[in-house]
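Presented below is the structure to which this report refers.
The values are calculated or read from the model by the stated rules, or taken from the named source; none is laboratory data. Just so we're clear, the structure is a prediction, and the values are computed from it rather than from any experiment. A quick note on method: Cβ atoms are made from the backbone with ideal geometry, for glycine too, and the neighbour counts reach across all protein chains shown. Calculation scope for accessible area: heavy atoms of the full protein, side chains included, ligands and nucleic acids excluded. Shrake-Rupley method; radii C 1.70, N 1.55, O 1.52, S 1.80 Å.
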Amino acid sequence: MRKTRGFTLIEILIVVAIIGILTTIALPVYQNYSNRAAFSELILAATPRKTAVELAIQTHSPSTLDDLDGGSLGIPTDVTAAAATHGAAVLDGTIIMTWQDDDTDLAGVTYTLTAGGIKPPVQWTKGGACQTNGLC
């Protein structure tokens, strides 16, 4: 009796097909995971402005949310998004963070935090294009 060793062509084709299917499923999931991880950098960058708005509310007692803008009441001035810089702005109590213009899938995606009022403690509402893209 002759004993054969190795794999048949059909076995190899089945393994290649399985790997192909797993790759087509796993690649988009991994890409989304990578984008979400990178976008967390922008979410974290909103923290100093959030603190500044809360501090402005506590120390300056603004009459309306319209008084809470970038460059006033101790809130940092606005920064425009550029190739290597994330955009950051505060307009009427809403913090608007914009991903840098770096030609990636994240370029121009926004993350917003809207203050719920001018009385402490401030309740924040998340929003922006990041929600529709599943990034925040």
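Of note:
- Candidate set: the stretch 100-123, residues that are surrounded by fewer than 16 Cβ atoms within 10 Å (Cβ to Cβ) and more than 16 Å from the chain's Cα centre (by Cα); chosen: the one nearest to Thr64 (Cα to Cα): Gly117
- The condition of being touching a residue at least 12 places away in the same chain (Cβ under 8 Å), closer than 15 Å to Thr47 by Cα, open to solvent by 60 Å² or more (accessible area, probe 1.4 Å) and of a type in the set (Gly, Ala, Ser) holds for only one of Gly70, Gly87, Gly74, that being Gly74.
- Hey, Ile43 open to solvent by 40 Å² or more (accessible area, probe 1.4 Å), aliphatic (A, V, I, L, M) and within 15 Å of Ala129 (Cβ to Cβ) or not: yes
- Answer residue from the stretch 1-23, given it is open to solvent by less than 100 Å² (accessible area, probe 1.4 Å) and assigned to a loop (DSSP other than H, G, I, E, B) and is modelled with the highest pLDDT among those: Thr8
- Qualifying positions in the stretch 101-127 - at pLDDT below 95 and polar (S, T, N, Q): Thr104
- Among the residues making up the stretch 24-40, those that are aliphatic (A, V, I, L, M) and exposed (fewer than 12 other Cβ atoms within 10 Å of the Cβ) are Ile25, Ala26, Leu27, Val29, Ala37.
- When Ser61 is tested against (1) open to solvent by 60 Å² or more (accessible area, probe 1.4 Å); (2) closer than 30 Å to Asp102 by Cα, only condition (2) is not met.
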